[in-house]
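The values are calculated or read from the model by the stated rules, or taken from the named source; none is laboratory data. Note that this is a predicted model, so its numbers are computed, not measured. Here the Cβ positions follow ideal geometry from the backbone for every residue, glycine too, while neighbour counts run over all protein chains shown.
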Amino acid sequence: MRNVVIIGSGCAGLTAAIYAARASLQPLVVRGVHAGGQLTLTTQVENYPGFPRGVQGPELIERMREQATEFGTEFMEGNVTKVDLSQRPFVLEVHHERVETSTLIIASGASAKLLGLESERKLLGHGVSTCATCDGYFFRGKDVVVVGGGDTAAEDALFLTRYANEVGIIHRRDQLRASKIMQDRLRRNEKIKFHWNTVVEDIVDADQREVSGIKLRNLKTKEGTIKPVHGVFIGIGHEPNTSLFRGQLEMDDLGYLITREGSKTNIPGVFAAGDVKDRVYRQAITAAGSGCMAAMDAERFLEAEH
């Protein structure tokens with residue numbers, strides 16, 4: 001019987017573990033299939049406080065894990081395959097192993113939607129990014145492209161014009177899905193170039209571990225071209241990892257968990273932190289902050305019972 005179980009081992013989950021462990025709650029962290037979260041897919045992180053010369057994403061996660069371990073956090077490998085939140089103690093199944101807990105912190109994150117190219121996965125963190133606000137700074141004076149046509153892509157493209165020489169928008173249709181105000185802003189920006197009715201077929205050059213170009217195909221003319229670029233930003237949205245909780249926890253129309261009064265979900269004793277509940281900011285520092293909130297809320301919940 002656990003006091004606190006934390007699902008997820010990214011910034012939110014590990015910060016929650018540090019706070020819960022320091023409160024002598026002996027938390028258990030279920031690391032998940034994608035242990036460490038999205039920071040493990042990036043390289044240099046320059047906007048996390050306390051690292052004036054930046055820090056590698058995987059190194060930052062490893063430091064957090066060591067800190068959580070130092071205070072007594074236990075880690076469990078594997079993925080949660082089933083949860084029962086109908087009564088307490090809550091019951092989780094992790095590879096057919098049963099885990100019971102008084103409180104649960106969900107920090108399972110959100111996964112960026114990808115194009116599905118092999119080169120895309122190889123180059124994540126090496127010229128391919130799913131976070132313009134995280135990585136745009138590294139492309140000062142360079143040519144980049146954003147793939148997508150909704151508000152996510154539009155926001156990314158506008159942000160990147162602060163740094164890049166040219167920002168191309170690759171969209172498979174002949175008009176954007178983004179809101180009208182966002183489209184107007186894009187068209188007024190001289191740095192932005194549109195590539196309509198176009199799809200990405202490949203990203204060059206995965207073998208060199210850097211982006212030097214992007215293979216495009218026009219869906220109307222069937223013409224193929226290679227556009228020289230230094231960065232590719234995937235802006236087709238994120239998907240919160242909440243399928244396990246459908247029918248048990250309140251979610252918005254995109255599947256993000258709804259919280260009130262900090263990190264509380266609609267079920268007493270269940271808390272949410274990080275990108276699993278954040279469809280707006282999705283930053284390492286905001287995830288860490290919400291992990292702190294969830295751990296403190298869980299601690300107070302347990303104190304109130306005793």
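Among the residues making up the range 128-151, a single one is at positive phi and surrounded by 23 or more Cβ atoms within 10 Å (Cβ to Cβ): Gly148.
Within the range 24-41, the set of residues being at pLDDT 95 or above and touching a Leu at 6+ places or on another chain (Cβ under 9 Å) comprises Leu25, Val29, Val30. Kindly indicate whether Gln67 is at pLDDT below 95, surrounded by fewer than 24 Cβ atoms within 10 Å (Cβ to Cβ), more than 15 Å from the chain's Cα centre (by Cα) and of a type outside the set (Gly, Ala, Ser). No.
Every condition in (1) part of a helix (DSSP H, G or I); (2) more than 17 Å from the chain's Cα centre (by Cα) holds for Ala12 except the one numbered (2). Given the structure, is Asp151 at pLDDT below 95, touching a Phe, Trp or Tyr at 6+ places or on another chain (Cβ under 6 Å) and closer than 22 Å to Tyr256 by Cα? Spelling it out, it is not the case that Asp151 is at pLDDT below 95, touching a Phe, Trp or Tyr at 6+ places or on another chain (Cβ under 6 Å) and closer than 22 Å to Tyr256 by Cα. Checking each residue in the range 279-289 for being out of contact with any strand residue (DSSP E or B) (no Cβ under 8 Å at 6 or more places or on another chain) and touching a residue at least 40 places away in the same chain (Cβ under 8 Å) picks out Gln283, Ile285, Ala287, Ala288, Gly289. Ala154 versus (1) part of a strand (DSSP E or B); (2) crowded, with 20+ Cβ neighbours inside 10 Å; (3) in contact with a helix residue (DSSP H, G or I) (Cβ under 7 Å, 6 or more places away or on another chain): which is the lone unmet condition? For Ala154, the failing item is (1). Across the range 157-177, the qualifying residues are those that are part of a strand (DSSP E or B) and touching a residue at least 40 places away in the same chain (Cβ under 8 Å), and the one among them that is farthest from Arg187 (Cα to Cα) is Ile170.
May I ask you to verify whether Arg88 is crowded, with 16+ Cβ neighbours inside 10 Å and assigned to a loop (DSSP other than H, G, I, E, B)? So Arg88 passes the test. Looking across Gly78, Gly109, Gly72, one residue alone is over 23 Å from the mean Cα position of the chain (by Cα) and either closer than 26 Å to Asp205 by Cβ or of a type in the set (Gly, Ala, Ser) (or both). It is Gly72. Checking the range 60-68 against the condition returns no match, with no residue being assigned to a loop (DSSP other than H, G, I, E, B) and among the basic types (Lys, Arg). Here Gly274, Gly224, Gly269, Gly231 are screened, and the one residue that is touching a strand residue (DSSP E or B) at 6+ places or on another chain (Cβ under 6 Å) and either of a type in the set (Phe, Trp, Tyr) or on the phi > 0 side of the Ramachandran plot (or both) is Gly269.
Residue pairs whose Cβ atoms lie under 6 Å apart, sitting 6 or more positions apart in sequence or on different chains, and linking a residue in the range 16-31 that is without any contact (Cβ under 8 Å) to a residue 40 or more places away in the chain to a partner that is surrounded by 21 or more Cβ atoms within 10 Å (Cβ to Cβ) and in a strand (DSSP E or B), do not occur here. Count of the range 18-57 residues, restricted to those that are assigned to a helix (DSSP H, G or I) and either closer than 23 Å to Ser243 by Cβ or among the acidic types (Asp, Glu) (or both), is 5.
Scanning the range 249-297 for residues that are within 18 Å of Ala23 (Cβ to Cβ), assigned to a loop (DSSP other than H, G, I, E, B) and under 14 Å from the mean Cα position of the chain (by Cα) yields a single hit, Ala273.
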